[in-house]
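Just below is one structure, and these are the notes that go with it.
The values are calculated or read from the model by the stated rules, or taken from the named source; none is laboratory data. All figures in this text were calculated on a predicted structure; none of them were measured in a lab. All Cβ positions, glycine included, derive from the backbone under ideal geometry; neighbour counts span all protein chains shown. In case anyone asks, the SASA skips ligands and DNA or RNA and just uses the protein heavy atoms, side chains included. Shrake-Rupley method; radii C 1.70, N 1.55, O 1.52, S 1.80 Å.
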Amino acid sequence: NAGVTQTPKFQVLKTGQSMTLQCAQDMNHEYMSWYRQDPGMGLRLIHYSVGAGITDQGEVPNGYNVSRSTTEDFPLRLLSAAPSQTSVYFCASSRTSGGYNEQFFGPGTRLTVL
Amino acid sequence: KNEVEQSPQNLTAQEGEFITINCSYSVGISALHWLQQHPGGGIVSLFMLSSGKKKHGRLIATINIQEKHSSLHITASHPRDSAVYICAVVKGGNQFYFGTGTSLTVIP
């Protein structure tokens, strides 16, 4: 099993550009989520999904879009990048929803918006 | 104000010492997680708790639901335990809220 994979590992964007951060898992997990990690702020939940076709907002959803067309993939779209979106982004998955299961994290994507 | 508070923020210990990291939260939760973030940035799950106590090797995690408090203990600490330890609580079943982490350095 590859576990949770994220691409790219690093990305530099200019203000206003759009891009998609990819996340995939091969463990048949129902729950997938996206977080951003900023210095002094800790991890914050952006969006999550409890299964294919079902997504919901987390604590900081503005400026981000998600969809879940398959169990395996959960891409995060930045619609119009802003410097405030400079961060490290982590994707995670767990067997089921409800927070009662071990969370598996991807390696992260470091994004810089100029 | 963060809903999850961890203490201490930074901790330096000598190899072999017993270590305690604390986590307090202000809201009702369905579960609490302890995570470890390695110096390279990778995050791994250590424990999920909804009550009581769990032990894995030299790590012990406890939670007191009434007092809204959890502790992570490391016995016989080792330099390889050096990492950031993060407490996360789950509200409403799916919403995770994280503490800012405790940075632990274990000196040989």
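Worth pointing out:
- Lys/Arg +1, Asp/Glu -1 at C-beta; chain A dipole; positive extreme among A:HIS29, A:THR109, A:THR5: A:THR109
- Label-to-label distance, A:THR5 versus B:GLU67, with points set 7 angstrom from Cα along the beta-carbon direction: 4.6 nm.
- Using the Cβ-Cβ distance between A:TYR100 and A:THR15 with R0 set to 35 Å, the FRET efficiency from 1/(1 + (r/R0)^6) comes to roughly 0.30.
- 16 Å Cα-Cα reach of B:LYS54 towards aspartates and glutamates, excluding residues that sit fewer than 8 places from it in its own chain: A:GLU102
- Solvent-accessible area of B:SER103 with every protein chain in place, 1.4 Å probe, in Å² to the nearest 10: 40
- Straight Cα distances below 26 angstrom link A:LYS9 to none of the lysines, with same-chain residues fewer than 8 positions distant left out.
- Evaluated at q = 0.10, 0.14, 0.21, 0.24 Å⁻¹, the base-10 log of the normalised Debye intensity for the range A:1-109, with identical point scatterers placed on the Cα atoms, takes the values -0.25, -0.49, -1.13, -1.45.
- Overall, the range B:10-108 carries a charge dipole of about 280 debye about its Cα centre when +1 sits on the Cβ of Lys and Arg and -1 on the Cβ of Asp and Glu, all other atoms neutral.
- Separation between Cα centres of the range B:45-60 and the range B:1-28, rounded to whole Å: 15
- Averaged over peptide B:75-86, the number of partner chain Cβ atoms lying within 10 Å of each residue's Cβ comes to 0.
- Residue-count net charge about A:ASN28 - beta-carbon cut-off 15 Å; Lys, Arg +1, Asp, Glu -1: -3
- Estimated distance in nm for a label pair at B:LYS91 and B:THR12, the labels positioned 7 Å out from Cα along Cα-to-Cβ: 3.6
- Taking every residue in A:50-61 and counting other chain Cβ atoms within 10 Å of its Cβ, the average works out to 1.
- Accessible area in the full protein assembly, largest first, 1.4 Å probe, for A:HIS47, B:HIS69: B:HIS69, A:HIS47
- Solvent-accessible surface (1.4 angstrom probe) belonging to A:PHE104, in square angstrom, nearest 10: 80
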